[in-house]
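Engineer: If you scroll down you'll find the structure; I have some questions about it.
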Amino acid sequence: MRFAGASPLGLFSQCHARTLEECLDLRKLVLLLRETGWSTRAQQASRDILRHFDQEATQNHVEEEACLFPALLDSMAGTEPDCLREMTSTLARQHSGLERMWARLRPQLEAICTGQSAALSSADVEDFIEANVRHIESEENGLLPMAQRLIAGRELPRLRSSILQWRTACNEMRAAMHG
């Protein structure tokens, strides 16, 4: 995800839109494999899906939990943010659930990428897609509108800075692991 002038909250929405696109591609991949078996087209689609869910979607969840959720809770200082705490806790649990579901799908996609398999569990795919759709709807219809109301003015640049610092630290850690 790139900032390139986007608002911090807009970045989350952009990632959600991309995740929904990748979910559609995942569904198309099931059909492609059913119709034609393994192909270079299936291999490339698997690579693209893996890249998105391994990197962008995972980063989005981490940034929400590390940057957005705390900013929202801080915006409620002096009040009783029980509803907000419950919402962010529920969304964090959903992130964990999505990660577990992804862990079941990932090896299947890796096998397609390497030509070792042309099998992809349609049940795992549909469960993963449905969970993503429900989760994204919760964030787009609940969390982000609330954030837009509560995190205003000077706080949005602070959120942006927090996300950039988080990304820099993550990129440095990745580089150290791979370098």
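Engineer: Just to be sure before I move on: is Glu99 under 13 Å from Met146 (Cβ atoms), in a helix (DSSP H, G or I) and open to solvent by 50 Å² or more (accessible area, probe 1.4 Å) in the structure I sent? Walk me through it before giving the result.
Structural biologist: On the way: under 13 Å from Met146 (Cβ atoms): no; in a helix (DSSP H, G or I): yes; open to solvent by 50 Å² or more (accessible area, probe 1.4 Å): yes.
Considered against the rule, which asks whether it is under 13 Å from Met146 (Cβ atoms), in a helix (DSSP H, G or I) and open to solvent by 50 Å² or more (accessible area, probe 1.4 Å), Glu99 comes out as no.
Engineer: Now, a different point. Any idea which of Ser138, Ser117 is of a type in the set (Ser, Thr, Tyr) and assigned to a helix (DSSP H, G or I)?
Structural biologist: Exactly one residue qualifies, and that residue is Ser138.
Engineer: Could you say which residue among Glu86, Glu64 is in a helix (DSSP H, G or I) and open to solvent by 60 Å² or more (accessible area, probe 1.4 Å)?
Structural biologist: Numbers: Glu64 fails: open to solvent by 60 Å² or more (accessible area, probe 1.4 Å).
Result: Glu86 is the single residue among Glu86, Glu64 that is in a helix (DSSP H, G or I) and open to solvent by 60 Å² or more (accessible area, probe 1.4 Å).
Engineer: Next question. Looking at (1) modelled with pLDDT under 95; (2) assigned to a helix (DSSP H, G or I), which is the one condition that is false for Ala77?
Structural biologist: It is condition (2) that Ala77 fails.
Engineer: How many of the residues making up segment 14-55 are open to solvent by less than 40 Å² (accessible area, probe 1.4 Å) and assigned to a helix (DSSP H, G or I)?
Structural biologist: Just the residues of segment 14-55 that are open to solvent by less than 40 Å² (accessible area, probe 1.4 Å), to begin with: 15-16, 19, 22-23, 26, 29-30, 32-33, 37, 39, 42-43, 45-46, 49-50, 52-53.
Filter once more, keeping what is assigned to a helix (DSSP H, G or I): 15-16, 19, 22-23, 26, 29-30, 32-33, 42-43, 45-46, 49-50, 52-53.
Counting residues in segment 14-55 that are open to solvent by less than 40 Å² (accessible area, probe 1.4 Å) and assigned to a helix (DSSP H, G or I) gives 18.
Engineer: Another one. Tell me which residues, restricted to segment 139-151, are more than 18 Å from the chain's Cα centre (by Cα), in contact (Cβ under 8 Å) with a residue 60 or more places away in the chain and open to solvent by 20 Å² or more (accessible area, probe 1.4 Å).
Structural biologist: Across segment 139-151, the qualifying residues are Met146, Gln148, Leu150.
Engineer: Name the single residue that is least open to solvent (accessible area, probe 1.4 Å) among those in segment 102-138 being aliphatic (A, V, I, L, M) and farther than 15 Å from Phe53 by Cβ.
Structural biologist: Going through the qualifying residues, I end up with Ala111.
The values are calculated or read from the model by the stated rules, or taken from the named source; none is laboratory data. This structure is a prediction, so every number in the text was calculated from the model and none was measured. Quick reminder, even Gly has a Cβ in these numbers, built from the backbone with ideal geometry, and neighbours come from all protein chains shown. Keep in mind that these areas ignore ligands, DNA and RNA; they rest on the heavy atoms of the full protein, side chains included. Shrake-Rupley method; radii C 1.70, N 1.55, O 1.52, S 1.80 Å.
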